[in-house]
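Data first, discussion second: the structure below is written as structure tokens.
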Amino acid sequence: MKLLVTGGAGYVGSVCAARLVEEGHEVVVVDDLSTGHADAVPEGATFVQADLADAADDLLADGVEGVLHFAAKSLVGESMTDPAKYWDGNVVTSLRLLAAVHRHGVPRLVFSSTAATYGEPEQVPIPESAPTRPTNTYGATKLAIDHAITSYADAHGLAAVSLRYFNVAGAHDRFGERHATETHLIPLVLQVASGLRAQVSIYGDDWPTEDGTCVRDYIHVTDLADAHLLALRHATAGLHRIYNLGNGTGFSVKEVIDACRRVTGHAIPAELAPRRAGDPATLVAAADRARTELGWKPERPDLDTIVADAWRFTQSRLGG
Ligand code: UFG
């Protein structure tokens with residue numbers, strides 16, 4: 001298929017673009033490089049550096065059969081201090097993209113949604129039917145886009161799938177997580193193990209969880225990419241389907257740090273810090289729908305495997 005991958009120079013977008021190229025799709029990546037890296041665009045994909053909202057019409061004019069929409073601002077903490085960046089960067093841009101998708105008759109769309117749309121869950125693991133009450137602006141913007149996509153599927157017959165990622169980690173070949181300002185737990189902990197950082201902060205140990213630190217469901221980025229390939233294949237005209245992507249097992253911040261200690265052999269000093277605004281205590285996925293309807297089966301669900309792949313990537317970036 002001829003596919004447009006927005007944000008394909010970013011972490012998840014680059015891994016998915018690489019897998020799409022491997023599967024024989026014709027891939028055009030558009031990315032403004034505000035957080036992505038040109039050298040993360042896989043060989044075999046065409047790269048266009050542009051602002052998505054401005055370029056969407058040109059990029060879709062030429063018989064594109066599907067859009068995978070990754071481009072977004074995606075930091076929970078930042079979304080609480082700079083909401084305009086998220087409402088403009090995520091919602092306004094996505095609305096412009098959706099309008100162009102409709103104008104050019106693009107039949108399918110796969111969207112990167114997030115577990116942050118649910119907010120503090122009443123029920124864990126969280127099913128897709130759970131109420132969506134985001135506790136942070138990032139989740140609110142992604143939820144707004146999900147609603148817009150539903151309208152386009154209903155009104156215009158778009159075949160749409162939203163994938164609600166839980167905590168993505170790990171790496172695929174030379175593609176991994178490298179943000180200029182890193183805020184995600186596993187890469188930060190691995191920076192300590194690499195000697196780039198003295199210690200890691202634990203954002204609160206008085207949460208209502210077993211050891212008092214926040215619990216998350218970590219999913220390997222290659223398993224996530226596989227779900228995108230399946231979503232593209234199963235997208236059905238006029239339907240907007242939503243799937244959670246996670247392994248269904250929660251690990252606390254302390255357990256993640258312990259896994260990193262096991263994998264790296266480094267002591268990894270940790271200090272207690274205040275809670276971070278917008279964090280829910282626990283996010284764990286019920287992903288049965290993706291397994292049943294898409295035939296998705298995570299191949300690398302083990303936390304130590306996920307950390308080991310991230311660690312290999314970190315070391316390769318350091319020239320180790
Ligand atoms: N954390 C720390 N110390 C740090 C960094 C993070 O204690 O230095 C904690 C956070 O408070 C949180 C957990 O580690 O409890 C995971 O934090 P991340 O920043 O790695 O990830 P988030 O859970 O905040 O968010 C990620 C994605 C979102 C997605 C969410 C869904 O960035 O896009 O997972 O679960 F919505």
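The values are calculated or read from the model by the stated rules, or taken from the named source; none is laboratory data. What you are looking at is a predicted structure, and each value in this text was computed from that prediction instead of being measured. Glycine also receives a Cβ, built like all others from the backbone with ideal geometry; neighbour counts cover every protein chain displayed. Accessible surface is based on the protein model in full, side chains and every heavy atom, while ligands, DNA and RNA are left aside. Shrake-Rupley method; radii C 1.70, N 1.55, O 1.52, S 1.80 Å.
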Among G248, G238, G204, the single one that is open to solvent by 10 Å² or more (accessible area, probe 1.4 Å), on the phi > 0 side of the Ramachandran plot and within 16 Å of the ligand (Cβ to nearest atom) is G248
Selection over the stretch 271-308 where residues are surrounded by 20 or more Cβ atoms within 10 Å (Cβ to Cβ) and assigned to a helix (DSSP H, G or I) yields a count of 5
Taking the stretch 252-263 and keeping only residues that are surrounded by 19 or more Cβ atoms within 10 Å (Cβ to Cβ) and away from the ligand (no atom under 16 Å from the Cβ), one is left with V263
Of the listed residues (D32, D58, D39), the one being without any contact (Cβ under 8 Å) to a residue 24 or more places away in the chain and either within 27 Å of T150 (Cα to Cα) or open to solvent by less than 10 Å² (accessible area, probe 1.4 Å) (or both) is D58
Listed by range, helices (runs of 4 or more DSSP H) wholly within the stretch 1-90 having at least 3 residues that are within 26 Å of D226 (Cβ to Cβ) are 11-22, 52-60
Exactly one of E271, E255 is over 28 Å from S112 (Cβ atoms) and among the acidic types (D, E), and that one is E271
